[in-house]
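Take a look at the structure set out below.
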Amino acid sequence: MNKRFVVAWVVLFAVWMVKDMVVHGMLLGRDYGASQQLFRPEADAQSYFGWMVLAHVLLAGAFVWIYQRGIAPDKPWLEQGIRYGIAVALLTVVPTYLIYFAVQPLPGALVGKQIVFDAIGLLLLGIVVAWLHRTKPAP
């Protein structure tokens, strides 16, 4: 574990938490409220916030770790970040919400928004991790 890894892990954790607050708190908050019988009440959910933080610490660390092992030094960092964000979204966000939709009576519109917003978020996270790992051009 080197300094770049630790810095990227901390940055990705912070950005991921903010992204999820925006997506799930602001953009989807009203949608979740309309389906509140499917979710924990707000007061109860707050008592589980530590688990949410732990999950994001693990997500950010794994995201950076996997990215570091797949860097192609001869490719542009932005291209790599976009490709990585798409790959992770297709591996995680899309199937996860489709599975939730299959087993939980969530409205289709909500699932569609979850997929779109979280996939866009992972694209941005891919760009951030790639930017943090970009190599300086040779003089």
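The values are calculated or read from the model by the stated rules, or taken from the named source; none is laboratory data. In this text the structure is predicted, and so the values were computed from the model without any measurement. FYI the Cβ positions are ideal-geometry reconstructions off the backbone, even for glycines, and counts take in every protein chain you see. Side chains are part of the model used for accessible areas, which takes the heavy atoms of the whole protein and leaves out ligands, DNA and RNA. Shrake-Rupley method; radii C 1.70, N 1.55, O 1.52, S 1.80 Å.
For first residues located in region 41-67 and free of Cβ contacts under 8 Å to residues at least 12 places away in the same chain, partners that are part of a helix (DSSP H, G or I) and open to solvent by 80 Å² or more (accessible area, probe 1.4 Å) and lie 6+ apart or on another chain with Cβ distances below 9 Å form the pairs GLU42/GLN36; ALA45/MET52. Can you find even one residue in region 60-78 that is surrounded by fewer than 14 Cβ atoms within 10 Å (Cβ to Cβ), modelled with pLDDT under 95, aliphatic (A, V, I, L, M) and farther than 28 Å from LEU106 by Cα? So far as region 60-78 goes, yes, one or more of its residues are surrounded by fewer than 14 Cβ atoms within 10 Å (Cβ to Cβ), modelled with pLDDT under 95, aliphatic (A, V, I, L, M) and farther than 28 Å from LEU106 by Cα. Residue count for region 91-139 under the criterion of being open to solvent by less than 50 Å² (accessible area, probe 1.4 Å) and among the aromatic types (Phe, Trp, Tyr): the result is 1. Evaluating ALA45 against the criteria (1) open to solvent by 30 Å² or more (accessible area, probe 1.4 Å); (2) modelled with pLDDT of 95 or more leaves one unmet condition, (2). The conditions are (1) of a type in the set (D, E, K, R); (2) in contact (Cβ under 8 Å) with a residue 60 or more places away in the chain; (3) more than 16 Å from VAL128 (Cα to Cα), and LYS19 fails exactly one of them. Which is it? Going through (1) of a type in the set (D, E, K, R); (2) in contact (Cβ under 8 Å) with a residue 60 or more places away in the chain; (3) more than 16 Å from VAL128 (Cα to Cα) one by one, LYS19 breaks only (3).
Out of the residues in region 1-14 meeting the condition of being out of contact with any Gly (no Cβ under 9 Å at 6 or more places or on another chain) and part of a helix (DSSP H, G or I), tell me which one is most open to solvent (accessible area, probe 1.4 Å).
If we take residues in region 1-14 being out of contact with any Gly (no Cβ under 9 Å at 6 or more places or on another chain) and part of a helix (DSSP H, G or I), then LYS3 is most open to solvent (accessible area, probe 1.4 Å).
Filtering region 79-90 to residues that are aliphatic (A, V, I, L, M) and open to solvent by less than 40 Å² (accessible area, probe 1.4 Å) leaves VAL88, ALA89.
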